[in-house]
Structure formats: C-alpha cells, structure tokens
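Student: Below are the structure tokens for one structure; questions will follow.
Please treat every number below as a calculation from the coordinates, not as lab data. Just so we're clear, the structure is a prediction, and the values are computed from it rather than from any experiment. Glycine gets a Cβ as well: all are built from the backbone with ideal geometry, and neighbour counts include every protein chain shown.
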Amino acid sequence: MRRMFQSFVQLALSSLGGQLIGFAVLAVVARRVGVTNLGAYGWANNVIPYVVLPLTGLAGVAQREIAQNKVGAGETAGNALPTLALYTVASTAVLFVVAPYISPSPVAASMLRILSLTIGLTLLTTDWWLAGLGDFKQLAIARFLGQVAYGVAAIFWLASGVQGAYHYAWLNVLGLAVTFLMVGALSVRRSGWPRVRTTPRVAARRLRESMPFTTSILMIKIYYSADFVLLGFLATSAAVGQYLVAYKLPLALLGFASLWNGVVFTHAATEEPEQLRRQIGIWLTMAVVVMLPVCTGSMFVAHGLLRAFFGAGYGPAALYFQLLMASVAIALVNGVFAPVLLATGHERALARSVTIGAIVNLSLNAVLIPLFGAAGAAVATIAAETGVFVSLSLHISRRVGVPTLAWPRVLAAVASTAAMAAVLALVLTDELVWWRILGGAAVFCVAAALTGVVRVSDRRLVVKVVA
C-alpha cells in the first residue's frame with residue numbers, strides 16, 4: 001500500500017504542476033481568442049479521442065500483461081506497437097481528408113486537421129509500458145516536462161483571434177510530442193527495444209482480447225465528451241466555449257482520479273479478493289472525504305472563480321460548472337470501482353456498466369441540449385454517472401464483496417464540510433473569491449483535525465510516502 005500511495009503522489013504532483021500550467025495558458029487564451037474560436041477548438045479536441053479509442057484497449061491489455069510479467073515487457077510492447085502504428089497512419093490520413101465534411105465550421109475543420117497529429121502521439125506514447133513496470137516516478141517526470149515545454153512555448157507564441165486558437169492547438173501537439181519522446185526513451189532504457197515478433201493472427205487475437213477494454217473506455221469517453229460534440233451540432237460554438245471553461249476544473253479533478261486508477265490497476269492485478277475488498281473500503285472513504293469539501297465549496301464560489309480565471313464573458317459557465325462538479329462527486333466513487341474490475345479480469349462487467357452510462361448520456365443529450373443548451377448537457381452527465389454508479393456497485397459486491405466505509409470519518413467529513421459551507425455562505429461577493437476559498441479551506445482543515453477526519457497516523461503515512 002505504501003508503494004502504491006507513493007506512486008500516486010508522484011503522478012499527482014506532476015499532474016498538479018501540469019494542470020496549473022494548463023490553467024494559466026487557458027486563462028490567457030480564453031481572453032485572447034474569444035468564446036466562439038475557443039469553442040471550435042473544444043469541439044475538435046473532443047472528436048480526436050473517438051478516433052483513438054478503437055485501439056485504446058490494446059494498451060490496457062499490454063499494461064496488465066507487463067504488470068504480471070515484467071521480464072517479458074519488451075515482447076509485450078513489440079506485439080502491441082506495430083498494430084498501433086498501422087492504425088495511426090491510416091486514421092490520421094482519413095481524418096485529414098474528411099475533416100471539412102464532418103465539422104460544424106471551417107475553423108473547427110482546421111482545428112481537427114491540426115489535432116489529428118495527436119492521434120499518433122496518444123496511441124504510440126508508451127506510458128502503459130512504464131505504468132506496467134511500476135515506474136511511475138519517471139512517467140510523472142516525462143508528463144510534467146511535456147507540460148513545461150507547452151507552457152514555455154505559450155509565452156512566446158500565443159496570439160489573438162482565430163490565429164491564437166490555431167496556435168493553442170499547435171501548443172497542445174508540442175506538449176504531447178515532448179512527452180512521447182521522453183516516455184519512449186525511458187521505456188527502452190528500462191526494458192530494451194521492443195521485440196517485434198507479432199503476426200497478423202497474433203495481432204487479431206490480441207485485438208479480440210482487448211475489445212472489452214476498448215468498449216469500456218469508449219463508453220466512458222462518450223459520457224465525458226459526447227456533450228461537446230453534440231453541442232457543436234445542436235447548439236453553437238459559443239456554447240461549446242462556455243462549456244469548455246466550465247469543464248476545465250472538473251476534468252482536472254477527474255484527471256487526478258485517473259492517475260489513482262492507473263496505480264490501483266497495476267496494484268489490484270496481483271491482489272487477493274478479500275484484501276481488495278478491505279482496500280476498496282479505504283479508497284472509498286478517501287474519495288468521499290475529498291469529494292465533500294471540494295464539490296460543496298465549488299457550488300458557492302463558481303461564478304467568481306470562473307470570472308477570475310477566464311474573464312467576465314464566461315460568467316454564464318458558472319451554472320454548468322456547478323452541475324458538472326456534482327457529476328464529479330459521483331465519478332470519483334465510480335473511479336474506485338472501475339480499475340478493480342479491469343485488473344481482476346472482469347472487464348466485461350465494466351463494459352456493461354459504462355454502456356448504460358453512455359446510452360443514458362446520449363439519449364438525454366439529444367433531448368436536453370436543444371431545450372437547455374450546455375446546462376442540459378451537464379444534467380445528462382450527472383444522470384449517466386448515477387447509472388454507472390448503481391451498476392458498478394452491484395458488480396463489485398458480487399465479485400469482490402461489499403466494501404465497508406470508515407463511517408466515523410465520513411460523518412466527521414460531513415460535519416467539517418457543513419462548517420466550511422456556513423462560512424462561505426456569509427460572504428457571497430465575487431470580488432473576494434480567493435479570500436473565500438482560502439477561508440473555507442482553512443475552516444475545513446481545522447474542523448477536520450478536530451473531528452478526526454485527519455489523524456496523526458495519516459500525517460505519519462504522508463511523511464513516509466513523500467520521504
């Protein structure tokens with residue numbers, strides 16, 4: 001457990017640095033390019049994952065195999081990479097050709113062509129190789145340096161208007177390229193060059209094995225990004241731009257959750273069911289303790305926070321932000337269950353659960369977006385996460401057992417969050433948003449120490465992990 005927490009801390013610190021850089025760049029870009037141009041970028045950026053997804057499961061299978069047999073990492077990578085490379089070339093070429101015909105605007109089509117370069121940078125980056133080996137420290141460094149390169153380049157290359165939006169797209173390509181090169185070099189250094197021995201028959205077999213992984217990831221992606229795509233067609237680029245800034249912080253929190261999922265996935269692949277059941281209870285308790293203050297506090301500071309970050313023109317995004325933070329609360333709990341099912345060979349159960357979420361999301365988006373715009377898309381996301389939660393809970397209880405939460409800590413977290421909310425409600429002005437956030441956080445921390453949410457043993461564990 002200590003090694004697992006240490007791996008998460010390494011990835012989380014890297015992600016925090018990268019997220020701060022990303023927030024700073026987006027805050028400048030949002031003001032310079034305008035909501036419509038930013039919306040065109042947001043639409044294109046959420047189309048790309050659908051092109052990547054058909055082979056995403058192949059990387060998941062490879063990561064699990066490497067975690068279970070680290071000696072054979074080079075051979076596993078050699079079996080996966082040729083298929084990924086062939087698909088990259090074909091899909092990038094097709095997308096470049098069809099971009100003008102499937103995009104809602106000429107600007108979005110140009111964005112899609114630029115961002116098509118990220119297909120290969122996403123599929124061929126061997127982060128799954130390093131994660132399978134458990135080398136999360138090197139992976140964290142590589143990801144952070146990619147964001148540093150992106151941030152440094154932004155200082156010299158950001159522009160205004162539509163050209164600024166294009167430059168923003170190229171900056172994202174650059175950041176991924178730096179990470180791609182570093183992760184590839186580190187993977188080869190750890191295990192040597194990939195030993196390519198695959199055949200069409202072996203590749204076909206591995207693709208079949210990866211289909212449950214791919215289906216799960218596809219369905220998850222649908223209820224996290226289909227709303228962006230549908231907003232582009234059923235509403236306006238301006239609505240996509242508002243939704244993009246509203247989703248920035250929720251996606252950052254989900255990004256931290258995905259880091260935890262990756263660590264849990266590698267850890268759970270070798271654990272016994274009874275041990276996993278106890279650990280799931282610990283992880284769920286942690287998720288609730290984190291979720292309560294962050295998501296509750298965001299309801300009070302949404303309007304002032306978005307205006308402070310992105311400018312007065314993005315005030316309407318506050319409602320979408322509040323709704324999306326409610327969906328994050330459910331998603332953090334779902335994120336505890338999903339990697340356990342994948343790691344223990346129950347990927348079909350996960351696929352069924354997230355398919356429910358995708359169906360709910362798409363159905364509601366088709367109805368709610370024409371009626372309520374981006375607010376309808378956010379409500380659809382909440383409904384999708386709720387459906388997934390119910391299904392995942394049933395699967396976990398059947399396959400691993402019913403996890404037990406540390407209820408005294410949960411109730412203490414509720415009380416501490418209530419104290420924080422009372423303080424935030426006293427001052428509702430946007431101009432003091434940063435002081436309100438600091439004050440609310442301080443009240444929660446003091447209350448958490450007094451009520452036992454945070455204990456001396458926790459602080460000792462943190463010191464050991466960081467050390």
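Student: For n ≥ 4 DSSP H runs only, could you compute -39500 (n - 2.57) per run for the chain, divide by its residues and tell me the 222 nm figure to the nearest 500? Please list the in-between numbers first.
Tutor: Details: 18 runs with 403 residues, N = 467.
Rounded to the nearest 500, the figure is -30000 deg cm²/dmol.
Student: If each of residue 363 and residue 290 carries a label point 7 Å out from its Cα toward its Cβ, how far apart are those two points in nm?
Tutor: 3.2
Student: Moving on to the next point. Can you tell me the length gained on complete extension of the stretch residue 98 to residue 435, counting 0.36 nm per residue apart and subtracting the Cα distance?
Tutor: Length gained, residue 98 through residue 435: 116.4 nm.
Student: Can you work out the Karplus-derived ³J(HN,Hα) for every residue in region 189-203? Use 6.51 cos²θ - 1.76 cosθ + 1.60 with θ = phi - 60°, whole Hz, and x for glycine or proline.
Tutor: Result, ordered by residue: 5, 6, 10, x, 5, x, 9, 7, 9, 6, 10, x, 5, 5, 4 Hz.
Student: Another question, if that's okay. Compute the signed sum of charges (Lys and Arg +1, Asp and Glu -1) over the other residues within less than 13 Å, Cβ to Cβ, of residue 210.
Tutor: Within the 13 Å Cβ shell, the charges total +2.
Student: If packing is taken as the average number of other Cβ atoms within 10 Å across a peptide's residues, how do 201-207, 42-48, 145-151 rank, most packed first?
Tutor: 42-48, 145-151, 201-207
Student: By how many nm would the segment from residue 372 to residue 407 grow when fully extended, if each residue of separation counts as 0.36 nm and the alpha-carbon distance is taken off?
Tutor: Going from the current span to full extension adds 8.8 nm.
Student: Can you list the HN-Hα couplings for region 169-178, worked out from phi with the Karplus curve (6.51, -1.76, 1.60; θ = phi - 60°), rounded to whole Hz and with x for Gly and Pro?
Tutor: Calculated HN-Hα couplings, in order: 5, 5, 4, 5, 4, 4, x, 5, 5, 5 Hz.
Student: Same structure again: Through the Karplus equation 6.51 cos²θ - 1.76 cosθ + 1.60, θ set to phi - 60°, convert the phi angles of region 356-370 into ³J(HN,Hα) values in whole Hz; use x for Gly and Pro.
Tutor: 4, x, 5, 5, 4, 5, 5, 5, 5, 4, 4, 8, 7, 4, x
Student: Which of the peptides 371-382, 353-364 is most tightly packed, and how do the rest follow, going by the mean number of other Cβ atoms within 10 Å of each residue? Kindly include the intermediate steps, with their values, before the conclusion.
Tutor: Values: 371-382: 22.2, 353-364: 20.5.
Per-residue mean Cβ counts within 10 Å order the peptides as 371-382, 353-364.
Student: Moving on to the next point. Report, in debye and to the nearest 20, how large the dipole of the chain comes out about its Cα centre when Lys and Arg carry +1 and Asp and Glu carry -1 on their Cβ.
Tutor: Working: 32 positive and 14 negative charges, 197 e Å.
The calculated dipole for the chain is roughly 940 debye.
Student: If you take the square roots of the eigenvalues of the alpha-carbon gyration tensor of region 1-198 and sort them as a ≥ b ≥ c, do you get rounded (a/c under 1.5), prolate (a/b over b/c) or oblate?
Tutor: oblate
Student: Counting pairs of alpha carbon atoms under 8 Å apart in space and at least six apart in sequence, what relative contact order in percent does the chain give?
Tutor: Across the chain, relative contact order equals 21 percent.
Student: Is any residue of region 318-340 close enough, with backbone N under 19 Å, to a label point placed 7 angstrom from the Cα of residue 399 along the Cα-Cβ axis, and if so, which?
Tutor: Within reach of a label on residue 399, which here means backbone N under 19 Å from a point 7 Å along Cα→Cβ, region 318-340 contributes 331-340.
Student: What does the charge count near residue 35 come to, summing +1 for each Lys or Arg and -1 for each Asp or Glu among other residues with Cβ under 15 Å from its Cβ?
Tutor: +4
Student: Quick one: which of 107-113, 282-288 comes out on top by average Cβ neighbours within 10 Å, and what's the full order, highest first? Walk me through the numbers on the way to the answer.
Tutor: Values: 107-113: 21.6, 282-288: 18.9.
The most tightly packed comes first, giving 107-113, 282-288.
Student: How long are the semi-axes of the ellipsoid equivalent to the chain, from square roots of 5 times the Cα gyration tensor eigenvalues, in whole Å, largest first?
Tutor: Result for the chain: semi-axes of 32, 30, 22 Å.
Student: Something else: Below 15 angstrom from the Cβ of residue 52, what's the summed charge of the other residues (Lys, Arg +1; Asp, Glu -1)? Write out the running numbers ahead of the final one.
Tutor: On the way: positive: 221; negative: 127.
Result for the local shell: 0.
Student: Considering amide H positions built from the backbone, and no H for Pro or chain starts, which residues 5 or more places from residue 126, or on another chain, come under 5 Å of its amide H?
Tutor: Under 5 Å from the amide H of residue 126: 184.
Student: Apply the a/c threshold of 1.5 to the C-alpha gyration tensor of region 261-399 and tell me whether it is rounded, prolate or oblate.
Tutor: Note, shape of region 261-399 comes out oblate.
Student: At 7 Å along Cα-to-Cβ for each site, give me the label-to-label distance between residue 426 and residue 272 in nm.
Tutor: Each label point lies 7 Å from its Cα, and together they span 5.2 nm.
Student: Pop a pseudo-label 7 angstrom from the Cα along the beta-carbon direction at both residue 201 and residue 386 and give the gap in nm to one decimal.
Tutor: Computed distance between label sites residue 201 and residue 386 equals 5.1 nm.
Student: Once amide H atoms are placed 1.01 Å from N in the peptide plane, what residues at a sequence separation of 5 or more from residue 373, or on another chain, have their amide H within under 5 Å of its amide H?
Tutor: Correct list: empty.
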